[in-house]
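Have a look at this one before I ask anything.
The values are calculated or read from the model by the stated rules, or taken from the named source; none is laboratory data. Since the model is a prediction, treat every value here as computed from it, not as a measurement. Every residue, glycine as well, gets a Cβ built from its backbone with ideal geometry; the counts of neighbours run over all protein chains shown. Surface accessibility is based on the protein's heavy atoms, side chains included, excluding ligands, DNA and RNA. Shrake-Rupley method; radii C 1.70, N 1.55, O 1.52, S 1.80 Å.
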Amino acid sequence: QLQASGGGLVQTGDSLRLSCAASGRARINWVMGWFRQAPGKEREFVAHITWNLGTTVYADSVKGRFTISRDVAKKMVYLQMNSLKPEDTAVYYCAARSSAAYEYSDWGQGTLVTVSN
């Protein structure tokens, strides 16, 4: 039910936009998040946005470079990534949870972003 797309190979400083089709998880009281997992590292939080108010939270490592947004009508969530760095290389996942929950319950299949020097 969560379909992430938009990954690819880019160079340092380039931009990329990831998309996540939320379909059944586009509920008013849900939170949509982006996570990433680099090779040999644990999965980490990148950003989240609430469906109702569009409130956003970012990891310090991407603050000022990445922007999460949503299109309620299209039930889509986006992650605009600017000024990409090699350390941004990872598989990026979109995920969803109820605003009343701490853990994310639904996960997409991931899309690979590779940033070369």
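Please build a GNM for the chain, connecting alpha carbons under 10 Å apart, and tell me which residue among Ser83, Ser105, Ser15 fluctuates the most.
Ser105
Still on this structure, I have one more. What aspartates and glutamates sit close enough to Lys75 to cross-link, taking a C-alpha to C-alpha distance under 19 Å and skipping anything fewer than 8 places away on the same chain?
Lys75 reaches Asp106.
On to the next question. Measuring from centroid to centroid over Cα atoms, what is the spacing of the range 43-117 and the range 1-42 in Å?
Between the Cα centre of the range 43-117 and that of the range 1-42, the gap is 5 Å.
Take every DSSP beta bridge with both residues inside the chain and express the antiparallel ones as a percent of the total, to the nearest 5.
So the antiparallel bridges amount to about 90 percent of the total.
Now a separate question. Mind checking the range 20-117 for GluC sites (Glu not before Pro) that DSSP puts in a loop (not H, G, I, E or B) and that have at most 12 other Cβ atoms within 10 Å?
For GluC sites (Glu not before Pro) across the range 20-117 that sit outside H, G, I, E and B with at most 12 neighbouring Cβ atoms in 10 Å, the list reads Glu42, Glu103.
Would you please report the Å³ per residue occupied by the convex hull of the alpha carbon atoms in the chain?
Spelled out: Cα convex hull of the chain, divided by residues, is 91 Å³.
Something else about it: Restricting to DSSP loop positions (anything but H, G, I, E, B) with no more than 16 other Cβ atoms inside 10 Å of their own Cβ, which chymotrypsin sites (Phe, Trp or Tyr not before Pro) remain in the range 49-117?
Tyr102
Another question, if that's okay. At a probe size of 1.4 Å, how large is the accessible area of Lys63, to the nearest 10 Å²?
Its accessible surface works out to 120 Å², give or take rounding.
For Lys85, give me every one of the lysines with a C-alpha distance below 24 angstrom, ignoring sequence neighbours fewer than eight places off in its own chain.
Lys41, Lys63
Modelled label-to-label distance, Leu112 and Lys41, 7 Å Cα→beta-carbon offset: nm?
Placing both labels 7 Å beyond Cα along the Cβ direction yields 1.7 nm.
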